[in-house]
């Protein structure tokens with residue numbers, strides 16, 4: 001594990017150098033993400049000008065939910081998103097050969113090559129909005145709550161990584177899987193809505209099979225429902241993350257058996 005941490009530190013350094021070589025691009029994408037995020041907050045303000053609550057969610061709880069959704073999504077995008085979207089092209093062109101010859105796990109190499117610095121800036125903005133929402137709610141989380149919140153956010157990132165990595169790995173069978181990959185990315189927005197608005201088979205699918213509803217709702221409930229920690233939701237999120245991560249690993253190993261290199 002120490003060796004992989006050292007390798008990733010080098011990858012992070014190279015990504016940082018690349019980001020700072022194009023400062024204008026870095027600033028532009030940061031501004032775009034901030035404006036998009038502010039648009040979401042404005043939508044909440046308009047919505048709650050007509051209603052007092054959504055299910056059991058109050059206005060500032062929903063703001064905290066949107067902030068947490070921003071945190072999970074931006075961490076995932078910072079560390080994994082660009083890399084995972086490139087996997088189908090690596091397989092199609094045979095460029096995956098380079099990763100297979102490296103003295104490290106090929107899945108690790110293919111999914112961690114690049115890093116997005118602007119996404120970390122937007123993660124900080126999401127945390128700031130969440131903190132402000134807690135202030136408006138009059139909630140002061142304990143240290144244990146903050147640790148549990150951080151764990152749930154990490155589990156949410158694992159869910160996003162596992163699902164998107166699994167979809168990218170399907171390119172070993174169907175060649176072009178970009179549509180599936182970008183389609184899942186569009187499902188991210190489901191996670192910013194309170195779980196109370198979902199019902200029936202839709203909620204079943206996106207809480208268990210593709211648990212995008214859980215990734216932001218569970219950590220937000222950890223902070224805002226301090227009187228009753230949602231242990232059931234936490235357990236469901238942890239189980240989903242573990243199963244999906246294992247499935248993505250299995251798909252990767254099976255996919256490599258079908259891979260035809262550029263020379264074959």
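The values are calculated or read from the model by the stated rules, or taken from the named source; none is laboratory data. Just so it is clear, the structure is predicted and the values come from calculations on it, not from any experiment. All Cβ positions, glycine included, derive from the backbone under ideal geometry; neighbour counts span all protein chains shown.
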Residues of the range 177-193 satisfying the condition of being outside any helix (DSSP H, G or I) and either crowded, with 21+ Cβ neighbours inside 10 Å or in contact with a helix residue (DSSP H, G or I) (Cβ under 6 Å, 6 or more places away or on another chain) (or both): 177
Given (1) surrounded by 16 or more Cβ atoms within 10 Å (Cβ to Cβ); (2) part of a helix (DSSP H, G or I), index of the condition residue 139 fails: (2)
Filter result for residue 102 (in a helix (DSSP H, G or I) and surrounded by fewer than 17 Cβ atoms within 10 Å (Cβ to Cβ)): no
Residue in the range 1-18 that is surrounded by the fewest Cβ atoms within 10 Å (Cβ to Cβ), counting only those that are out of contact with any helix residue (DSSP H, G or I) (no Cβ under 7 Å at 6 or more places or on another chain) and more than 19 Å from residue 106 (Cα to Cα): 17
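When you go through 172, 206, 202 one by one, which is the residue that is surrounded by 18 or more Cβ atoms within 10 Å (Cβ to Cβ) and either without any contact (Cβ under 8 Å) to a residue 60 or more places away in the chain or part of a loop (DSSP other than H, G, I, E, B) (or both)?
206
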Residue list for the range 215-247, restricted to those being surrounded by fewer than 20 Cβ atoms within 10 Å (Cβ to Cβ), under 28 Å from residue 108 (Cβ atoms) and touching a helix residue (DSSP H, G or I) at 6+ places or on another chain (Cβ under 7 Å): 234, 236, 238, 245, 247
Members of the range 248-258 found to be in contact with a helix residue (DSSP H, G or I) (Cβ under 6 Å, 6 or more places away or on another chain) and surrounded by 15 or more Cβ atoms within 10 Å (Cβ to Cβ), listed by number: 248, 251, 252, 255
Residue 91, sole failed condition from (1) surrounded by 16 or more Cβ atoms within 10 Å (Cβ to Cβ); (2) touching a residue at least 40 places away in the same chain (Cβ under 8 Å); (3) within 22 Å of the chain's Cα centre (by Cα); (4) closer than 26 Å to residue 163 by Cα: (3)
Residue check for residue 212: in a loop (DSSP other than H, G, I, E, B) and surrounded by 23 or more Cβ atoms within 10 Å (Cβ to Cβ): yes
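Return the residues of the range 19-58 that are farther than 24 Å from residue 71 by Cβ and either at pLDDT 75 or above or surrounded by 10 or more Cβ atoms within 10 Å (Cβ to Cβ) (or both); say none if nothing qualifies.
22, 49, 50, 51, 52
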